[in-house]
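Reviewing the structure listed below.
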Amino acid sequence: QVQLVVPITVVFVPGSVPGDLPRPLPFRDVQEMEISVNVRTSVTSCYEMFYRSTTGREEAALAAATAREADAALHPLQDTTLGSLTMYVVPETSSLLPQGINVYVGKHRSALVRAGGSLAALQARLREVTQVMSFTASSIAAALSDRVPDGQLSPDARRNLKSSLGYEITFSLLNPDPKSHTVDWDIEGAVNSYVKPVLDKLSLVANFSVDSQILYYAVLGVTPRYDKESSSFLLSAHSLPHVINPVEARLGSSAASLYPVLNFLLYVPERSHSPLYIQDKDGAPVSTNAFHSPRWGGIMVYNVDAPASPQASLPLQVDVDMARVMEVFLAQLRLLFGLSREEVPPEFLLERPGNEGLADWELDHLLWAHTVENIATVSTTLTSLAQLLDKIGNIVIKDDVASEVYQAVASVQSAVTKLSLGHLHAAFQASKEAVTSSERAFFDPSLLHLLYFPDDQKFAIYIPLFLPMAVPILLSLAKIVRETRQHKKEPTKMD
């Protein structure tokens, strides 16, 4: 049983304290909620609320003109521990929040919340904010998707990447018509400018490696349909799944990879199929001209402008606008990591994360989900190992394998304990160690079941070897026994 504890500090600005507080500030309160996963598994979420008044420095920071400025000024004054949240309750008449906005969620681990009059109304609003900034029942269900019955999962639950110790990201430029197009893309500069800040922040979650390649004469597996009205070629939504397999055979990146590979493909259509546009299920053109595949990556079609004169010399020089391309690929990367912003009420205003690609609380959101998933993975791995040992009675467990199992159990127990104390970072690190140890034990070469034969197989192997030798030996023994009996029956001669 896993308990997720979220430490929350609720700070009341003067003029925002509800009149029905149960006791004077400061005081603590605990709210619990059970998230049911299946018949046997449930996760308890526990919100430890600490209510207090503002300090002088916080009041000075909250005197800023806008919510964004106030959030930036409050950041140095906050508890920056991973998984912790700070809510600043401002008066209903406060001009910090725009008209019609009751909640402003900043880039870090704090939010500005408009007072709701009574304590019950405020607590309901705080609960909504907390779930947005930490975890929801759906995000925990997605992390434990292997244990949730199919009917209870949302369509996007299996889109997120599985938790892993590392990921490999491959950017591929597909040029199917190099005779017509010479395509240049500054992928190194784009990775440093757009991708690296995001991966630096995600380095807490896993290790990342990035590479790129250019593939020539790599065509899509589907022939697009020509549309006379728009004088363009169209790829319909139902044909998109058939695009990936033929292209994937050319990528070759996942064959020798230890970790999951994310593929981001930029496809420049050949002249005979240009311009090429992607349609959604309703037949409308997709604004980004791109699509993504769950747990695999994404493809963007990059159309090239036709030459001004038909006599233009070939191949045409094409310089890719990397800002437009990376904007799409980073959005797809967020989707694949489950960082797509869930539907929030209209009175919520979420600050954009900026160059870093994700807010601090979104990183926490990812760590909560991955920690729970890691604990479930270790549980499944060790259970499978125990079942293997029960099935093969004569299997040999070496000391190093046994120590890995003990280490995995100790680490996963530590992770559960740290979660119940609200120490998210320590819990995540312990869960990663538990996954590493359990995988080492389970995949140890000495535990291959092919090394251990059942008894009936042993008889089948050894009887043909020993039977030819055993027959003359048994016949000789039988002859000796027979002669001994005859010797005993003969009367002894008496002189």
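The values are calculated or read from the model by the stated rules, or taken from the named source; none is laboratory data. Values in this document were obtained by computation on a predicted structure and should not be read as measured data. Using ideal geometry, Cβ is built from the backbone for each residue, glycine included, and neighbour counts are taken over all protein chains shown. These accessible areas exclude ligands, DNA and RNA; they are computed on the full protein's heavy atoms, side chains included. Shrake-Rupley method; radii C 1.70, N 1.55, O 1.52, S 1.80 Å.
Structure summary
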read-out: Translational diffusion coefficient (Stokes-Einstein; Kirkwood radius from C-alpha pairs) of the chain at 4 °C, 1.567 mPa s, in µm²/s; value: 47
read-out: Heavy-atom SASA rank of ASP227, ASP456 (probe 1.4 Å, accessible area, largest first); value: ASP456, ASP227
read-out: Most to least packed among 463-475, 91-103, 161-173 [average Cβ atoms within 10 Å]; value: 161-173, 91-103, 463-475
read-out: Farthest positive-ward along the chain dipole, Cα basis, beta-carbon charges - from THR86, THR380, ALA64; value: THR380
read-out: Sequence of ASP280, ASP400 when ordered by accessible area, the most exposed leading, probe 1.4 angstrom; value: ASP400, ASP280
read-out: Accessible carbon and sulfur surface of the stretch 360-451 relative to its total accessible area, %, 1.4 Å; value: 60
read-out: Beta bridge orientation in the chain: antiparallel %, DSSP, nearest 5; value: 30
read-out: Extension gain (nm, one decimal) between PHE27 and ASP305, 0.36 nm per residue minus Cα-Cα; value: 93.6 nm
read-out: Computed E for ASP146/GLU69 - FRET, C-beta separation, R0 51 angstrom, nearest 0.05; value: 0.70
read-out: Total charge dipole magnitude, the stretch 161-337, about the Cα centre, Cβ charges on Lys, Arg, Asp, Glu only, Debye to nearest 20; value: 460
read-out: With DNA, RNA and ligands ignored, accessible area of HIS292 (1.4 Å probe; Å², nearest 10); value: 60
read-out: Extension reserve of the THR93-ALA124 stretch, reckoned as 0.36 nm per residue once the Cα distance is removed; value: 9.2 nm
read-out: Accessible area of the stretch 49-138 belonging to carbon and sulfur atoms, whole % at 1.4 Å probe; value: 52
read-out: Centre separation in Å (Cα based) which lies between the stretch 87-133 and the stretch 157-218; value: 38
read-out: Mean Cα-pair separation over length for the stretch 29-153, i.e. relative contact order, pairs under 8 Å, 6 or more apart, %; value: 19
read-out: Entries of LYS107/LYS418; LYS398/LYS418; LYS398/LYS432; LYS228/LYS281 with Cα pairs more than 28 Å apart; value: LYS398/LYS418
read-out: The chain: relative contact order in percent, alpha carbon pairs under 8 Å with at least 6 residues between; value: 16
read-out: Per residue value of the accessible surface for the chain (all protein chains in place, 1.4 Å probe), Å²; value: 53
